[in-house]
Each structure stands twice: as C-alpha cells, then as structure tokens.
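**Student:** One structure is given below, represented as structure tokens, and several questions about it will come after.
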Amino acid sequence: MKKQRGFTLIELIMVIVILGVLSAFALPRFADFGEDARVASLNALAGALRAAANISHAQQLADGSTPGVSVTLEGADITMVNGYPTADGAGITLASQVSNDYTATGGGADGGDVLTFTLTPGTAGCTVTYTAATAAVQNQNPITAAPAVVVTPGGC
C-alpha cells in the first residue's frame, strides 16, 4: 500500500498566517496614500475659501454696505474689495481661518490680486490660489469677476 504525503492542516494555516503578517508589513511600503491625502487637503482648503468668500459677500449684502467696506464675521473684521474678501491675511485668510498647514505668498488688498497657499512643508507644486474679485472701477458696482479659487495638485 502507498502512503500519501502532503501538508497537515496546521502547516497550511501557519503558512497563511506568515503570508498575512508579511503582507501587513509590505503593503504600506508599496501603497503610498500620502499624495491622495495632500490632494484632499487642497480640495478642502479650496472649499473653505469659496465658502468664506460667499459668506463674506452675503454679509456685506445683508449689511447694505458698499463693495469696499469691511464686514464682521464671528467678531473678526474682514477686509473687502469689490464685494469679496481681499487676497491677504486680513481678508480671505482670516475669513476662512486657514490653518498653519499652509504657507501663504503674494496677495494684496486690490482687486485681481492673487494669494497662493502652499501645503507645508516642501510641496512646491501643491497649491491653491485665490484671486480677488475685480470691477471696472475698484469698489464700485458692477463687479466684473467674482473671486476665483484654483487647485493645482501637480507637486503633491
């Protein structure tokens, strides 16, 4: 009579367990979700900038103010240009309560000024830009262009 040889059930289970442990350590090395997280963070900031600009604009309309008059949101004075927040620290940055995870460069208090937020640290092409609203004559109706928010996830 021939004896059959093979693996026992315990040996097979041990092999499966060892493969599971190895894959648990190897998977994070091959699947980098950091880029996805950085892009999601940029999109969240862009949403916050758009919402803050629209809320500030709505507050100014509710107050019946002219387009260049500051508005107060949650006790903070938000500087405005052409009916929307300025592209600086006293405008859109304050209105949207941007966190310290971003570095702001550029900007200004005039219509059409561009403020760029870069995800910190060292992700140069991973940016969100806010362009202040423009008008034919600054701070007078009609407003020719609402503020623009653009996400650039290139260097994330």
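Rule-based calculations on the coordinates, nothing more; no lab input. Since the model is a prediction, treat every value here as computed from it, not as a measurement. As a convention, Cβ positions derive from the backbone with ideal geometry for all residues, glycine included, and neighbour counts pool all protein chains shown.
**Student:** Count charges around residue 130 for me, please; just the other residues with Cβ under 14 Å from its Cβ, Lys/Arg as +1, Asp/Glu as -1.
**Tutor:** -2
**Student:** Over the chain, what is the relative contact order in percent, taking alpha-carbon pairs closer than 8 angstrom and at least six residues apart?
**Tutor:** Normalised by residue count, the contact order of the chain is 19 percent.
**Student:** Grab the DSSP H runs of the chain that are 4 residues or longer, score each as -39,500 (n - 2.57), total them, divide by all residues and round the 222 nm result to the nearest 500 deg cm²/dmol.
**Tutor:** -12000 deg cm²/dmol
**Student:** Most mobile of 13, 55, 92 per a Gaussian network model of the chain (Cα springs, under 10 Å)?
**Tutor:** Highest fluctuation of the listed residues: 13.
**Student:** What ranking do 60-70, 102-112, 81-91, 14-24 get when scored by the average of other Cβ atoms within 10 Å per residue, highest first?
**Tutor:** Top of the packing list down: 81-91, 102-112, 60-70, 14-24.
**Student:** Mind checking the dipole of the range 1-87: about its Cα centre, +1 per Lys or Arg Cβ, -1 per Asp or Glu Cβ, Debye to the nearest 20?
**Tutor:** Using Cβ point charges on Lys, Arg, Asp and Glu, the range 1-87 gives about 960 debye.
**Student:** Can I ask one more? For Rg and Dmax of the Cα atoms in Å, several values are listed as (i) 15.8, 52; (ii) 26.2, 102; (iii) 24.0, 78; flag the one computed from this structure.
**Tutor:** For Rg and Dmax of the Cα atoms in Å, the calculated option is (ii).
**Student:** In percent, what relative contact order does the range 44-111 have, based on Cα pairs under 8 Å that are 6 or more apart in sequence?
**Tutor:** That works out to 29 percent.
**Student:** Right, something else. Using a simple charge model, +1 on the beta-carbon of Lys and Arg, -1 on the beta-carbon of Asp and Glu, nothing else, what dipole does the range 8-156 show about its Cα centre, in debye to the nearest 20?
**Tutor:** Value, rounded to 20: 180 debye.
**Student:** Right, next: Could you identify which residue out of 32, 101, 113 has the top mean-square fluctuation in a GNM of the chain using Cα springs shorter than 10 Å?
**Tutor:** With Cα springs under 10 Å in the chain, the top fluctuation among 32, 101, 113 is at 32.
**Student:** Can I ask one more? If you line up the long axis of helix 34-63 against the longest principal axis of the chain, both from Cα atoms, how many degrees apart are they, to the nearest 10?
**Tutor:** For helix 34-63, the angle is close to 30 degrees.
**Student:** Also: For residue 155, what charge total do you get from the other residues with a beta carbon under 11 Å from its beta carbon, if Lys and Arg give +1 and Asp and Glu give -1?
**Tutor:** The answer is 0.
**Student:** Given H placed 1.01 Å from N in the peptide plane, which residues other than close sequence neighbours of residue 144 have an amide H under 5 Å from its amide H?
**Tutor:** Correct list: 134, 135, 136.
**Student:** A further question on this structure: For the chain, find the longest principal axis of its Cα atoms and tell me its angle to the long axis of helix 9-30, 0 to 90°, nearest 10.
**Tutor:** Orientation of helix 9-30: about 30 degrees from the principal axis.
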